[in-house]
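Just below is one structure, and these are the notes that go with it.
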Amino acid sequence: MTARVRKAVIPAAGLGTRFLPATKALPKEMLPVVDKPAIQYVVEESVSADLTDVLMIIGRNKNAISNHFDRVTELELNLQKKGDTQKLERVVKSQELADIYYLRQGDPKGLGHAVARARAHVNNEPFAVLLGDDLIDARDPLLSTMIAEQEKRDATIIALMEVEPDQIHLYGAAEVEATDSEDVVKVTGLVEKPATEDAPSNLAIIGRYVLKPEVFDILEHTEPGKGGEIQLTDALQEMAADDDVAGGVYGVIFRGRRYDTGDRLDYIKAIVQLAMDRDDLGPALKPWLKDFTDNID
Ligand code: UTP
């Protein structure tokens with residue numbers, strides 16, 4: 001019997017250089033997507049998959065994140081006095097979502113290094129990793145499918161998404177073999193940000209993982225890779241290369257809606273798409289957007 005996945009780790013300590021200067025004083029995970037910071041969507045996703053124990057790996061400007069999930073008594077009192085229950089509910093929701101723990105990464109030495117910091121909190125259990133700037137639409141569940149696959153296969157599970165071949169250099173790419181299930185592949189190799197001609201497939205790693213704890217031992221000896229950073233992909237490659245290490249690596253192919261809010265163009269698209277689907281904003285946004293696009297040459 002394998003241990004159940006109970007804990008989520010959210011790395012949010014990257015420098016976010018693509019978003020400078022907005023990220024000089026604010027982590028990119030705190031940038032608002034319509035009216036919630038990106039990281040709140042990610043915590044909500046974790047809770048929807050029954051993972052209410054959430055460890056955030058934070059960097060500089062950490063206070064913005066912890067303050068967001070904390071109580072702000074004077075704000076609550078003010079809204080109470082005004083009888084504005086709707087806004088009050090929204091404020092309270094962000095602070096009652098989950099049991100959130102914080103750990104500093106220290107120097108941002110890469111995603112692999114950030115995940116390695118979670119060892120003492122996670123211990124010897126399989127655990128989920130959700131990147132704090134990568135949003136999966138709540139209507140297209142992914143994490144619960146990955147957790148079920150982890151339990152079924154007793155292996156490490158990554159999320160994969162088909163991208164255009166000219167985009168694969170922005171992601172980790174997977175070499176795969178088919179399994180008995182159409183949406184699950186066996187991962188036989190992984191390469192971080194390959195040139196299009198070197199990519200083993202156009203299946204890109206996206207920001208959800210369900211990892212076996214053996215990853216911590218591997219990360220301890222993972223040398224800096226692409227960009228001089230300790231890459232999670234390199235540690236996963238070692239797990240994929242040898243099924244004896246921890247049961248190998250499988251990929252769940254995600255075909256739903258995903259928004260990479262760490263990228264400026266995708267961030268803008270995310271706001272428009274999510275606002276469009278909302279009852280309070282969509283009806284006014286839609287005709288405006290139609291009119292706006294009609295006037296673009
Ligand atoms: P990115 O690859 O998006 O890097 O990190 P970045 O440094 O944050 O952003 P840019 O490229 O400079 O704009 C992927 C995820 O890993 C986290 C980030 O916060 C993000 O959620 N991360 C990355 C860490 O927590 N620590 C690191 O050292 C690096």
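Every number in this text was worked out from the coordinates using simple rules, so none of it is lab data. As the structure is a prediction and not an experimental result, all values here were calculated from the model. Glycine gets a Cβ as well: all are built from the backbone with ideal geometry, and neighbour counts include every protein chain shown.
Details
- In range of the label at Asp244: residues from region 122-157 whose backbone nitrogen is under 20 Å from the point 7 Å along Cα→Cβ: 154-156
- Cα-based radius of gyration of the chain once divided by 2.2 N^0.38 Å, which approximates compact folds: 1.03
- Taking the Cα centre of region 1-118 as reference, the dipole from Cβ charges on Lys and Arg (+1) and Asp and Glu (-1) amounts to some 420 debye.
- Simple point charges give the picture: +1 on the Cβ of Lys and Arg, -1 on the Cβ of Asp and Glu, and for the chain a dipole about the Cα centre of about 1360 debye.
- GNM top mover of Ile253, Ile65, Ile268 - the chain, alpha-carbon springs below 10 Å: Ile268
- Ordered from longest to shortest, the equivalent ellipsoid semi-axes for region 34-106 are 24, 15, 10 Å, each the square root of 5 times a Cα gyration tensor eigenvalue.
- Dipole of region 114-265, positive direction: furthest Cα of Phe127, Gly189, Val252, with charges on the beta-carbon: Phe127
- Total charge dipole magnitude, region 239-287, about the Cα centre, Cβ charges on Lys, Arg, Asp, Glu only, Debye to nearest 20: 440
- Filtered trypsin sites (Lys or Arg not before Pro), region 168-270: DSSP coil and at most 16 other beta carbons within 10 Å: Arg255, Arg257
- Mean-position separation - Cα centroids, region 25-99 and region 109-163, in angstrom: 21
- A cut-off of 5 Å between modelled amide H atoms, ignoring neighbours fewer than 5 places along the same chain, links Val176 with Thr188.
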